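Chemist: Before anything else, here's the structure in question.
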Amino acid sequence: MNPLSASGASESGEEPRPGTRWATIAVVYLCGVVAAMGFGKFASVGPMVAAGLGLSLPELGWVISAVVGVGAAAGLPAGYLVRRLGAERSLVAGLVLIAAAGAASVAAGGFAWLLALRGVEGAGYLLVTIACPALILRLARERDRGTALSIWATFVPVGLGLSTLAGGAAGSALGWRGWTGLIAGLTFVMALAARARLPRGSGGRAAAGAVPRARALTWPVVLAASFCLTALVTVPVVVLLPTLLVEQYGRSAAAAGALTSVISLLGVPGGLAAGILLRRGAPLGALAASGLLVVPAAWLVYSDGTPLAAAATGAGVIALENGLLGALVFAALPLVLERLDHADVGNGVVAQAGSLGSLLGPPLFGLVAGGFGFPPLVPVIAAGTLAAVGALALVGARAVRRPAG
């Protein structure tokens, strides 16, 4: 059966709609893309920032990762905050926070100032990433939710890819401060667009219904654990790929960065494929099982003596599966919620777990590779992948058993 038809209980109290509001969903999606561009805006101009402010490499790393750190620490509380404020208001507020902090970053004079502003951006980014999927759930008909949420799951690779492509040219022309100001202005424009486009009235306050208790979050936590483990073992492969290409294959930093950018974008077709296959009735558990391809792909990437083409292919498969598994997590969330209006808190749990995995993965991989070399990363990836796929398969089994209505 189609797992997307199993969310009937979540329809409680929802009025029928004439159809999915794809134009509004597109605006919500673009809000996420622009927020992700702000998240990755320093990646392409990092050397300029470090030179301009006298930052060490560890300090630059903290500036880049501070946004994820906020999500790892405060995802669940932010979910309850979004529930209290309403998803529409939270989305606009999050974009305004990102824009304001980004504009203030233009005048940053040192590490402490820039890091504090990145923390504010992180708070705004967290509000956006929790509010957007909650809005998409309300804007899409039940049959379209899996597809819409799978498309939403591509916002990070699309935003980072656009930021990487545009940041180098804009940074060269405008300097890193001009590039930062440009992103801040674009984010503010999207805040205005969201305020104008989103429906009024329903989002001023949270949706009716009791605040979800701990028991109601049991299955969302299982889903979030899968997301955390997926990020933990797949994100670092792409993040550390330039280092591998330089050290193991003797590639230049420019060539390694270009190849990594192309590979990282493969997460986009992975997410889109998940939405298409779910819409055509593919079982969630069967799609989750495709994540096991990460294990042989990791062997290709990290085994000694692997040709460059094979290693790049393995990294591409891992990036593709990262996008597909992440999309399945977002698509599966409405299937495990007791009520659809618990989506804000459920998204908070998922956002916190994904941020935690993304934050801890690169240091863990660096520790293992630095102490024992790259090959021992394969069993680490295998263990995390098996656990992630197993948790997602459990969610798929529950979705199939769950009665409609």
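Chemist: Taking the condition open to solvent by 20 Å² or more (accessible area, probe 1.4 Å), in a helix (DSSP H, G or I) and at pLDDT below 80, does ALA254 pass?
Modeler: Details: open to solvent by 20 Å² or more (accessible area, probe 1.4 Å): yes; in a helix (DSSP H, G or I): yes; at pLDDT below 80: yes.
Taking the combined requirement at face value, the residue satisfies it.
Chemist: Have a look at GLY314, GLY357 and point out the one that is in a helix (DSSP H, G or I), buried (at least 20 other Cβ atoms within 10 Å of the Cβ), at negative phi and under 12 Å from the mean Cα position of the chain (by Cα).
Modeler: Values: GLY314 fails: under 12 Å from the mean Cα position of the chain (by Cα).
Unique residue meeting the criteria: GLY357.
Chemist: From the list ALA78, ALA93, ALA99, ALA72, which residue is buried (at least 21 other Cβ atoms within 10 Å of the Cβ), among the aliphatic types (A, V, I, L, M), under 15 Å from ALA191 (Cβ atoms) and out of contact with any Asp or Glu (no Cβ under 6 Å at 6 or more places or on another chain)? Explain how you work it out, then say what you get.
Modeler: Numbers: ALA78 fails: under 15 Å from ALA191 (Cβ atoms); ALA93 fails: buried (at least 21 other Cβ atoms within 10 Å of the Cβ); ALA72 fails: under 15 Å from ALA191 (Cβ atoms).
It is ALA99.
Chemist: Which one of these is open to solvent by less than 20 Å² (accessible area, probe 1.4 Å), under 21 Å from ILE130 (Cβ atoms), β-branched (Val, Ile, Thr) and touching a residue at least 24 places away in the same chain (Cβ under 8 Å): VAL45, VAL67?
Modeler: Just a single option satisfies the conditions, and that option is VAL67.
Chemist: Then there is this: From the list THR243, THR230, THR260, which residue is open to solvent by 20 Å² or more (accessible area, probe 1.4 Å), polar (S, T, N, Q) and either within 30 Å of LEU81 (Cα to Cα) or at pLDDT below 90 (or both)?
Modeler: Values: THR230 fails: open to solvent by 20 Å² or more (accessible area, probe 1.4 Å); THR260 fails: open to solvent by 20 Å² or more (accessible area, probe 1.4 Å).
Exactly one of THR243, THR230, THR260 is open to solvent by 20 Å² or more (accessible area, probe 1.4 Å), polar (S, T, N, Q) and either within 30 Å of LEU81 (Cα to Cα) or at pLDDT below 90 (or both), namely THR243.
Chemist: Sticking with this structure for a sec: Picking from SER303, SER290, which residue would you name as being of a type in the set (S, T, N, Q) and farther than 16 Å from SER226 by Cα?
Modeler: SER303
Chemist: Only one residue in THR164, THR129 is assigned to a helix (DSSP H, G or I), modelled with pLDDT of 90 or more and either of a type in the set (S, T, N, Q) or under 26 Å from LEU76 (Cβ atoms) (or both), so which one is that?
Modeler: Going through THR164, THR129 in turn, just one is assigned to a helix (DSSP H, G or I), modelled with pLDDT of 90 or more and either of a type in the set (S, T, N, Q) or under 26 Å from LEU76 (Cβ atoms) (or both): THR129.
Chemist: Can you pull out the residues in the range 83-132 that are more than 18 Å from ARG195 (Cβ to Cβ) and among the acidic types (Asp, Glu)?
Modeler: GLU121
Chemist: If you don't mind, another one. Within the range 141-161, how many residues are outside any helix (DSSP H, G or I) and surrounded by 23 or more Cβ atoms within 10 Å (Cβ to Cβ)?
Modeler: 2
Chemist: Which of the residues that make up the range 317-349 are part of a helix (DSSP H, G or I) and not aliphatic (A, V, I, L, M)?
Modeler: The answer is GLU321, ASN322, GLY323, GLY326, PHE330, PRO334, ASP341, HIS342, ASP344, GLY346, ASN347, GLY348.
Chemist: Restricting to the range 61-100, name every residue that is under 21 Å from the mean Cα position of the chain (by Cα), within 20 Å of ARG177 (Cβ to Cβ) and among the aliphatic types (A, V, I, L, M).
Modeler: VAL63, ILE64, ALA66, VAL67, LEU97, ILE98, ALA99
Chemist: Turning to a different aspect of this structure: Any residue at all in the range 375-388 that's over 25 Å from GLY305 (Cβ atoms), open to solvent by less than 40 Å² (accessible area, probe 1.4 Å) and modelled with pLDDT of 85 or more?
Modeler: Looking through the range 375-388, at least one residue is over 25 Å from GLY305 (Cβ atoms), open to solvent by less than 40 Å² (accessible area, probe 1.4 Å) and modelled with pLDDT of 85 or more.
Chemist: Could you say which residue among THR180, THR187 is within 23 Å of the chain's Cα centre (by Cα), hydroxyl-bearing (Ser, Thr, Tyr), closer than 20 Å to LEU53 by Cα and at pLDDT 90 or above?
Modeler: When all the criteria are applied, what remains is THR180.
Chemist: In the list GLY32, GLY52, GLY38, which residue meets the criterion of being out of contact with any Leu (no Cβ under 8 Å at 6 or more places or on another chain), modelled with pLDDT of 85 or more and open to solvent by 30 Å² or more (accessible area, probe 1.4 Å)?
Modeler: GLY52
The values are calculated or read from the model by the stated rules, or taken from the named source; none is laboratory data. Keep in mind it's a predicted model, so treat the numbers as computed, not measured. Methodologically, a virtual Cβ is constructed for each residue, glycine included, from the backbone with ideal geometry; neighbour enumeration extends over all protein chains shown. Heads up: the accessible areas ignore ligands, DNA and RNA and are worked out on the full protein's heavy atoms, side chains in. Shrake-Rupley method; radii C 1.70, N 1.55, O 1.52, S 1.80 Å.
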